[in-house]
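Every number here is computed from the coordinates shown, using simple stated rules; none is lab data. Everything numeric in this text was worked out from a predicted model, so none of it was measured. All Cβ positions, glycine included, derive from the backbone under ideal geometry; neighbour counts span all protein chains shown.
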Amino acid sequence: MATEGLRERKKRQTRQHISDVATGLFLERGFDAVTIAEIARAADVSVNTVYNYFPAKEDLFLDRGEDVVDRLSRYVRGRRPGESAAGAVLRELRAAVVGHSPTVGLFAGWADFVRVITDAHALRSRLWAIQQEALADLTATLAAETAAEDRDPMPTLVAGQLSWIHGTLMAWIGTGMAEGRDIPEVAREALGLLDEMEDLLGEKVLRYAERAPGR
């Protein structure tokens, strides 16, 4: 792995600083009430610098969109020998829930984060776009991993099922956290939900894209 240079590290730190400052302002006052100019002043950078790192205001709050788009595809590409695409996704999601990972919303500030999104049409639209990008990315990954023909519907169908699992899990956890319940309690229920969703999947989905032993 290439070592991060000083220039790259400073750029990453600056980007994170701007995002952290913007997120704090959005959580305090709401997304629509905060301007880019105010974010720039609070972060002690120019407006142009903000736009250099974040082309759209929505990206300041949903700054991990690229990670979300590629998340399920990464799980599929990293499946173990003998493991299917669904098996890999379920395993990774269970591990995230057991570990109380922020990636599935298991942190104290998740309810406030969701509230900001709910109150801002622009953020809801951007989140929907991210979800659609993630679905398309997963469909393409499944097609590549199985060498599917162009008109084979299975990559699309399986991607829809796996995206449903992920989206339903996130919504369930979000509701539990918004109700002010304890993280361990929400996590326990989320594991049960994953079991229920797995039971609803057909054998064709559960065995799709199984990686050959030894690969």
Problem set entry | the chain, relative contact order [Cα under 8 Å, separation at least 6], % | 27
Problem set entry | Label selected from (i) 8, 28, 31, 23, 9, 1; (ii) 7, 27, 30, 16, 6, 5, 5, 3, 1, 0; (iii) 9, 35, 35, 17, 3, 0, the criterion being P(r) over Cα pairs in 10 Å bins from 0, in percent as computed here | (i)
Problem set entry | Net +/- balance of residues flanking residue 74 in space, Cβ distance below 13 Å, scoring K and R +1, D and E -1 | -2
Exercise. Lys/Arg Cβ at +1, Asp/Glu Cβ at -1, dipole of segment 1-105 taken about the Cα centre: which of 55, 19, 76 is farthest positive-ward?
Worked result: 76
For this session: For residue 10, list the aspartates and glutamates whose Cα falls under 16 Å from its own Cα; do not include residues on the same chain fewer than 8 positions away.
Result: 20, 44
For this session: Name all residues of segment 4-38 having a backbone nitrogen under 18 Å from the label point set 7 Å from the Cα of residue 49 along its Cα→Cβ direction, giving them as ranges.
Result: 6-25, 35-38
For this session: Could you rank the peptides 133-143, 51-61 by their average count of other C-beta atoms within 10 Å per residue, with the highest value first?
Result: 133-143, 51-61
Seminar exercise, completed: Once residue 42 and residue 156 are pulled to full extension, the length gained, defined as 0.36 nm per residue separation minus their Cα-Cα distance, is 36.6 nm
Seminar exercise, completed: Rounded to the nearest Å, the spacing of the alpha-carbon centers of segment 8-84 and segment 133-189 is 22
Exercise. What ranking do 38-48, 153-163 get when scored by the average of other Cβ atoms within 10 Å per residue, highest first?
Worked result: 153-163, 38-48
Problem set entry | Nearest-20 debye value, segment 63-102 charge dipole, Cβ charges on Lys, Arg, Asp, Glu | 220
For this session: Taking the Cα centre of the chain as origin, work out the dipole magnitude from +1 charges on Lys and Arg Cβ and -1 charges on Asp and Glu Cβ, in debye rounded to 20.
Result: 660
